[in-house]
Amino acid sequence: MKMGHIHKGSLEPAQFLVDNIGLLPKGRALDVAMGAGGNALFLANKGFDVEGVDISPETVGKALELARKSGVALRAQVADLENNFYIESGAYDVIICFNYLQRSLISRIKDGLRKGGMVVYETFIVDQVQFGKPKNPDYLLNHNELLHLFRDFRCLCYREGVVENRKAVASLIAEKV
């Protein structure tokens, strides 16, 4: 089974999400490839109605346990995003995806957002190879690719390059119009 995901054990939410939380419409949120759930729990704590999905039963279990201990509501499911995962059409106000690239999911993410809904997407670009994994081009964005993938959305925030001197990423927030 091929994996495009780097599971971080960290429960710290992504800085890009924290910095831009004010742009996001409150409501129903989906965290695609949620990993340990740091971003999902952050959104839940901010009053979003959050669902998460990940291929790993261990990380989903940990995220649910942590949510229970923190007293926040989180729904999460185990699913293989490459095979049997369906995103309900027009169901979400926010869909986030961090450190995971599956190009075939982009159209499903777009379809899953309601009009005025926002996508927050951050993952590795080709320059990441200087820092380590992932090295597989299937899991690395080309320059400007993320911007191009969401060209039919209104881009509110975009950056690309090396952050924190340790990872090369593209980060995007865009609104479905």
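The values are calculated or read from the model by the stated rules, or taken from the named source; none is laboratory data. None of these values were measured; they are calculated from a predicted model. Every residue, glycine among them, receives a Cβ derived from its backbone with ideal geometry; neighbour counts consider all protein chains shown.
Can you tell me which residue is modelled with the lowest pLDDT among those in the range 163-177 that are farther than 15 Å from Leu149 by Cβ and part of a loop (DSSP other than H, G, I, E, B)? So the residue we want is Glu164.
Taking the residues in the range 140-163 that are acidic (Asp, Glu) and without any contact (Cβ under 8 Å) to a residue 40 or more places away in the chain as candidates, determine which candidate is farthest from Leu17 (Cα to Cα). The selected residue is Glu145. Can you tell me which residues in the range 17-46 are surrounded by fewer than 18 Cβ atoms within 10 Å (Cβ to Cβ) and part of a loop (DSSP other than H, G, I, E, B)? The answer is Asn20, Pro25, Lys26, Gly27, Lys46.
Among the conditions (1) at pLDDT 95 or above; (2) among the charged types (D, E, K, R); (3) outside any strand (DSSP E or B), the only one that Lys133 does not satisfy is (1).
Take the residues of the range 74-86 that are more than 11 Å from Ala33 (Cα to Cα) and either at pLDDT 95 or above or touching a helix residue (DSSP H, G or I) at 6+ places or on another chain (Cβ under 6 Å) (or both): which is surrounded by the fewest Cβ atoms within 10 Å (Cβ to Cβ)? Among them, the one singled out is Arg75. The number of residues in the range 95-118 that are among the small types (Gly, Ala, Ser) and within 20 Å of Gly52 (Cβ to Cβ) comes to 3. Taken over the range 142-158, the criterion of being surrounded by fewer than 12 Cβ atoms within 10 Å (Cβ to Cβ) and not in a loop (DSSP other than H, G, I, E, B) is satisfied by His148 alone. Just one of (1) within 30 Å of Arg166 (Cα to Cα); (2) of a type in the set (Gly, Ala, Ser); (3) assigned to a loop (DSSP other than H, G, I, E, B) fails for Ser89. It is (1). Residues that are among the small types (Gly, Ala, Ser) and not in a loop (DSSP other than H, G, I, E, B) were ranked within the range 47-63; the one that is farthest from Asp31 (Cα to Cα) is Gly61.
Only one entry in Tyr139, Tyr92, Tyr121 is surrounded by 13 or more Cβ atoms within 10 Å (Cβ to Cβ), more than 19 Å from Phe48 (Cβ to Cβ) and not charged (D, E, K, R), namely Tyr139. Confirm whether Leu66 is touching a Leu at 6+ places or on another chain (Cβ under 7 Å), modelled with pLDDT of 95 or more and assigned to a helix (DSSP H, G or I). Criteria not met by Leu66.
Each row is one residue, and each column tells you yes or no for (1) under 15 Å from the mean Cα position of the chain (by Cα); (2) within 16 Å of Ala79 (Cβ to Cβ).
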| position | (1), (2) |
| --- | --- |
| Leu24 | yes, no |
| Asp31 | yes, yes |
| Ala36 | yes, no |
| Leu43 | yes, no |
| Ala67 | no, no |
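Quick check on Leu101: is it of a type outside the set (Ser, Thr, Tyr), surrounded by 14 or more Cβ atoms within 10 Å (Cβ to Cβ), at pLDDT 95 or above and not in a loop (DSSP other than H, G, I, E, B)? Criteria not met by Leu101. Check the range 85-95 and report whether any residue there is among the small types (Gly, Ala, Ser), within 14 Å of Asp31 (Cα to Cα) and in contact (Cβ under 8 Å) with a residue 60 or more places away in the chain. For the range 85-95, residues among the small types (Gly, Ala, Ser), within 14 Å of Asp31 (Cα to Cα) and in contact (Cβ under 8 Å) with a residue 60 or more places away in the chain: present.
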